Amino acid sequence: SYLKIAEGCSNCCTYCAIPMIRGKFRSVPMEDVIKEAETLASNGVTELVVIAQDTSRYGEDIYGQSRLPELLRRLCRIDGLKWIRTLYCYPERITDELLDTIASEEKLVKYLEIPIQHCDGDILSRMNRWGSEENLEALFAHIREKIPGVILRTTLITGFPGETQEQSDRLAEFVQRVRFDRLGCFPYSQEDGTKAADFPDQIESETAAHRADIIMEQQMLISAENNEKLMNTEHEAVVEGFDRFGECWFGRTANDAPDIDGKVFFTSEKPLKIGDYVKIRITDTLDYDLIGEVIEL
């Protein structure tokens with residue numbers, strides 16, 4: 001189940017209409033979040049996906065500082081929950097406290113989604129986003145040092161107004177160096193009422209789409225290489241359904257978020273049901289998905 005911990009957004013990225021649509025960032029009081037999570041767990045939910053427009057900002061408006069690490073620690077104390085995943089953490093708010101919490105809490109899956117949108121400092125400044133190529137690369141290296149084996153996911157935008165071919169090429173080189181485990185790349189599109197919609201030097205949609213395709217082709221190769229390293233390794237997976245065409249079960253490991261990441265397809269000699277957690281051995285790989293067999297229920 002998804003657990004929404006805030007509404008709205010106050011980041012005011014120049015390409016995004018969400019603050020106009022949903023208003024300013026408003027955290028849900030912690031006790032209310034905990035109560036909802038306890039109710040979900042008592043009803044059989046074993047995996048929580050913690051979401052907001054910017055989860056790393058949680059609590060700033062109520063408590064005067066980010067309280068996301070504390071919230072996550074309290075969620076981990078709820079009986080019945082097995083996996084807790086956090087999405088949409090902004091890079092400038094990634095603290096050592098948050099990283100230490102994820103590293104030390106068994107129920108927190110070692111997975112972080114950190115949307116950066118680009119690596120070029122000039123483009124990020126015009127997006128009203130934080131970062132530069134150097135400090136973003138340093139951040140991801142630091143995260144990997146603090147949380148060994150962490151799965152890093154990000155999202156990127158190509159064709160933002162004024163993006164040059166050189167800046168696009170640098171973004172592709174950045175992706176090759178950092179080697180994100182999961183990545184989504186989308187061509188820029190104008191949103192009515194946003195500042196960026198009125199920026200000069202709008203990029204042709206075909207050009208923006210072509211640049212996004214290049215990034216995604218790179219990522220497909222990176223993902224395939226990463227998956228090949230998982231051959232003959234063992235992982236816990238949650239059963240999500242049965243594929244009657246492939247005559248096999250499918251599900252996810254803790255390394256994959258629902259709906260946006262890959263799946264694992266596997267056979268089992270014993271009957272399974274949706275929601276079971278099973279141990280599987282990887283026997284084959286695809287570009288984004290894994291193939292395996294159940295070795296332990």
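The values are calculated or read from the model by the stated rules, or taken from the named source; none is laboratory data. Predicted model only: the values in this text are computed from it and were never measured. Cβ sites come from the backbone with ideal geometry, for glycine too, and all protein chains shown count toward neighbours. Side chains are part of the model used for accessible areas, which takes the heavy atoms of the whole protein and leaves out ligands, DNA and RNA. Shrake-Rupley method; radii C 1.70, N 1.55, O 1.52, S 1.80 Å.
Name the single residue that is nearest to G262 (Cα to Cα) among those in segment 151-175 being open to solvent by less than 10 Å² (accessible area, probe 1.4 Å) and β-branched (V, I, T). It comes out as T154. Checked against (1) under 24 Å from D261 (Cα atoms); (2) in a helix (DSSP H, G or I); (3) open to solvent by 50 Å² or more (accessible area, probe 1.4 Å), A103 passes all but condition (3). Determine if segment 265-274 includes at least one residue that is of a type outside the set (S, T, N, Q), within 26 Å of R179 (Cα to Cα) and at pLDDT 95 or above. Yes, there is a match, as at least one residue in segment 265-274 is of a type outside the set (S, T, N, Q), within 26 Å of R179 (Cα to Cα) and at pLDDT 95 or above. The residues in segment 195-206 that are surrounded by fewer than 17 Cβ atoms within 10 Å (Cβ to Cβ) and either under 26 Å from the mean Cα position of the chain (by Cα) or outside any helix (DSSP H, G or I) (or both) can be counted, and the count is 7. Screening segment 37-60 for residues that are part of a helix (DSSP H, G or I) and acidic (D, E) and picking the one that is most open to solvent (accessible area, probe 1.4 Å) gives E38. What residue, among those in segment 1-44 that are touching a residue at least 24 places away in the same chain (Cβ under 8 Å), acidic (D, E) and out of contact with any Phe, Trp or Tyr (no Cβ under 8 Å at 6 or more places or on another chain), is farthest from Y88 (Cα to Cα)? Residue satisfying both the conditions and the ranking: E38. When L71 is tested against (1) open to solvent by 10 Å² or more (accessible area, probe 1.4 Å); (2) more than 15 Å from the chain's Cα centre (by Cα), just one condition goes unmet, and that condition is (1).
The set of residues from segment 82-100 being in contact with a Ser or Thr (Cβ under 6 Å, 6 or more places away or on another chain), part of a loop (DSSP other than H, G, I, E, B) and within 21 Å of A41 (Cα to Cα) comprises just one member, K82.
Tell me which residues, restricted to segment 20-36, are β-branched (V, I, T) and open to solvent by less than 20 Å² (accessible area, probe 1.4 Å).
Scanning segment 20-36 gives V33, I34.
So is D100 of a type outside the set (V, I, T) and farther than 16 Å from I143 by Cα or not? Judged against the criteria, D100 is not a match. Among the strands (runs of 3 or more DSSP E) confined to segment 207-297, the ones with at least 2 residues that are buried (at least 19 other Cβ atoms within 10 Å of the Cβ) and more than 22 Å from the chain's Cα centre (by Cα) are located at 277-285, 290-296. Residues in segment 134-163 that are on the phi < 0 side of the Ramachandran plot and of a type in the set (G, A, S): A138, A141. When the criteria are applied in full, F186 meets the requirement of being closer than 17 Å to M216 by Cβ, open to solvent by 10 Å² or more (accessible area, probe 1.4 Å) and not in a helix (DSSP H, G or I).
Say we look at segment 84-98 and pick out the residues that are in contact (Cβ under 8 Å) with a residue 40 or more places away in the chain and either in contact with a Cys (Cβ under 9 Å, 6 or more places away or on another chain) or β-branched (V, I, T) (or both); which of these is surrounded by the most Cβ atoms within 10 Å (Cβ to Cβ)? Here the answer is L98.
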